[in-house]
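One structure is given here, and the rest of the page talks about it.
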Amino acid sequence: MGKSEAMKGLEEKIKACKKCPLGELRTNAVPGSGSYDAKIMFVGEAPGYWEDQKGLPFVGRAGKVLDELLESVGLKREEVYITNVVKCRPPNNRDPTEEEIKACSPYLDKQIDIIRPKVIVPLGRYSMAYILNKFGFEAEPISKMHGKILEAGTLFGKVVIMPMYHPAVALYKPQLREELEKDFKKLKEVLESLS
Ligand code: SF4
Ligand code: URA
């Protein structure tokens, strides 16, 4: 099975999923968007209001910040892949629960296996905690971990993990936006060193 076929099948499964209570509350599930051949995968936390309305990741205010950060280093949305740890919106944008993460994360695992990215960028502490744990790293506070370059071995080769702050924090903390901008510059350098 090709990548495209595998991803489309997975997206259909996600859209029909009722494995956790969030499935009853959603307008649309948000599987992810972007290139199935992406070298970079960005992994946010969970859909918010606009993502739930549109069925697409990062299309609200945090998405606008993410777009600006991508653009600042010459990356296009279409060439990266963007998804979340949890695919349906938690009510009132509350944090996802452990059970919801447990129920939903196998979809993210499959997406990683299909896309085989060279770099994974967890955005925010929930996503960071999940990804670091998955690849066998200890999670320290995101204030310490953001911008760090971690290397993990996978069945499909080496993957770089680079945690970053969640773009939503940039909306109310300008100094964290600067950190995000610096981390994106570093991400660009990492990408250049890989190609
Ligand atoms: Fe299924 Fe994930 Fe949606 Fe829960 S959040 S219903 S596990 S797709
Ligand atoms: N915040 C997230 O973590 N993910 C989205 O898709 C949108 C906002």
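The values are calculated or read from the model by the stated rules, or taken from the named source; none is laboratory data. These figures come from a predicted structure and were not determined experimentally. All Cβ positions, glycine included, derive from the backbone under ideal geometry; neighbour counts span all protein chains shown.
Here are a few things to note about the model shown:
- Which numbered condition Gln53 fails, given (1) out of contact with any helix residue (DSSP H, G or I) (no Cβ under 9 Å at 6 or more places or on another chain); (2) surrounded by 14 or more Cβ atoms within 10 Å (Cβ to Cβ); (3) at positive phi: (3)
- Answer residue from the stretch 115-132, given it is at pLDDT 95 or above and within 16 Å of ligand 1 (Cβ to nearest atom) and is surrounded by the fewest Cβ atoms within 10 Å (Cβ to Cβ) among those: Tyr130
- Breaking point among (1) within 16 Å of ligand 1 (Cβ to nearest atom); (2) surrounded by 15 or more Cβ atoms within 10 Å (Cβ to Cβ), for Pro21: (2)
- Residues of the stretch 143-174 satisfying the condition of being within 16 Å of ligand 2 (Cβ to nearest atom), surrounded by 14 or more Cβ atoms within 10 Å (Cβ to Cβ) and free of Cβ contacts under 8 Å to residues at least 60 places away in the same chain: His146, Pro163, Met164, Tyr165, Val169
- Residues of the stretch 58-83 that are within 16 Å of ligand 2 (Cβ to nearest atom), among the small types (Gly, Ala, Ser) and outside any helix (DSSP H, G or I): Gly60 alone.
- Checked against the criterion of being free of Cβ contacts under 8 Å to residues at least 24 places away in the same chain and under 25 Å from Ser105 (Cβ atoms), the stretch 178-187 has no qualifying residue.
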